[in-house]
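Undergrad: Encoded as structure tokens, here's the structure I'll be asking about.
Each value in this text was obtained by applying a stated rule to the coordinates, not by laboratory testing. A quick note: this is a predicted structure, and the numbers were derived from the prediction, not measured. A quick note on method: Cβ atoms are made from the backbone with ideal geometry, for glycine too, and the neighbour counts reach across all protein chains shown.
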Amino acid sequence: MRYFTSDLHIGDKGVAQWRGFASLEEHDRFVLAGLSRLEPDDELWILGDVCKPNVASVRVVREAIPCECVHIVVGNHDTGAKFLTCGGFASVDYYAQVGKVAKDGYKFVMSHYPMLDWDRAYHGSYMLHGHLHSLPEQEKKDGETSAASRGFGLGGYNEWNRDLGIRRYDVGVDANQFRPISAEQIVAFFLSDEQWCEMHGLPLEALR
């Protein structure tokens with residue numbers, strides 16, 4: 001299966017504190033545990049802000065990921081060189097696309113930062129990103145319920161996009177219970193193709 005995540009911030013004391021963890025070690029163990037759930041034949045895309053900017057930190061993260069195929073989209077707390085020096089990644093870039101709407105049921109345009117417009121946005125493609133550290137809508141309503149569910153970004157951001165018919169999604173750990181999210185889960189989260197086309201006054205053929 002194809003999975004996505006972002007904003008791990010391994011080794012970042014400031015982020016660990018903002019997320020409410022008692023120590024950096026506790027934070028890093030918890031975040032890396034989410035990645036360990038994946039299988040060797042899964043494909044993982046990490047959309048930036050992976051870890052502290054040194055090769056040793058990259059190796060720790062890479063060794064914790066069981067997937068053979070791991071892609072990096074570089075974030076503002078990263079440098080592409082540290083991933084290339086470490087090795088073990090299928091690709092390292094600042095922008096990427098994967099899938100075809102008509103063939104795969106989705107096309108994902110990926111960047112660390114959210115985009116206002118993106119390739120084939122009016123033909124059913126999705127924009128995946130990180131950076132915002134947004135929270136699920138439930139967290140916005142209930143407040144801080146546990147150290148593992150705290151964040152410091154916009155509450156209900158993904159739900160807001162969905163309700164407005166905007167196929168844009170924050171795949172960061174804060175928004176997704178500190179676990180990678182699959183392509184199927186992302187597509188299921190949004191309106192169906194028929195509902196999306198009706199909402200925007202487009203024929204279903206626009207997605208082809």
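Undergrad: When the chain is fully extended, how far beyond the present Cα-Cα distance does S182 get from H123, taking 0.36 nm per residue of separation?
TA: Gain in length upon complete extension: 19.1 nm.
Undergrad: Which cross-chain or sequence-distant (5 or more) residues have an amide H under 5 Å from the amide H of G155, H modelled 1.01 Å from N in plane?
TA: L135
Undergrad: Let me know the number of lysine pairs in the chain closer than 30 Å at the Cα, not counting same-chain pairs under 8 apart.
TA: Numbers: K13/K52; K13/K82; K13/K140; K13/K141; K52/K82; K52/K140; K82/K107; K107/K140.
Pairs that pass both the separation and distance tests number 8.
Undergrad: Next up: Which angle from 0 to 90°, rounded to the nearest 10, does the C-alpha axis of helix 55-64 make with the longest principal axis of the chain?
TA: That helix lies at roughly 70 degrees to the long axis.
Undergrad: Amide H to amide H, which residues 5 or more places from C51 or on other chains are under 5 Å from it, using H placed in the peptide plane?
TA: H9, I10
Undergrad: Kindly work out what percent of the DSSP beta bridges joining two residues of the chain are antiparallel, to the nearest 5.
TA: Beta bridges within the chain, antiparallel portion: roughly 20 percent.
Undergrad: Using +1 on the beta carbon of Lys and Arg, -1 on that of Asp and Glu, and nothing else charged, what's the dipole of the chain about the Cα centre, debye to 20?
TA: Roughly 320 debye for the chain.
Undergrad: If you take every residue apart from N76 with its C-beta less than 14 Å away from the C-beta of N76, what net charge results, scoring Lys and Arg +1 and Asp and Glu -1?
TA: Working: positive: K52, K82; negative: D7, D12, D49, D78.
That works out to -2.
Undergrad: First check a/c for the range 9-137, with a ≥ b ≥ c the square roots of the eigenvalues of its C-alpha gyration tensor; if it is under 1.5, answer rounded, and if not, answer prolate when a/b is larger than b/c or oblate otherwise. Show your work: numbers first, answer last.
TA: On the way: a/c = 1.79, a/b = 1.47, b/c = 1.21.
Here the range 9-137 falls in the prolate category.
Undergrad: Between the alpha-carbon centers of the range 22-58 and the range 62-92, tell me the distance in whole angstrom.
TA: 11 Å
Undergrad: May I pose another question? FRET efficiency for Q195 and R29, Cβ-Cβ distance as r, R0 = 35 Å, nearest 0.05? Before the final figure, lay out each step's value.
TA: Values: r = 40 Å, r/R0 = 1.16.
In this case the efficiency is close to 0.30.
Undergrad: Please turn the phi angles of the range 38-52 into ³J(HN,Hα) values with the Karplus equation 6.51 cos²θ - 1.76 cosθ + 1.60 (θ = phi - 60°), one per residue in order, whole Hz, x for glycine and proline.
TA: Result, rounded to whole Hz: 6, 9, x, 8, 6, 10, 10, 10, 10, 9, x, 6, 7, 6, 4.
Undergrad: Here's another thing I want to ask about it. Provide the FRET efficiency to the nearest 0.05 for the E159-T79 pair, computing r from the beta carbons and using R0 = 35 Å.
TA: With a Förster radius of 35 Å, E is 0.60.
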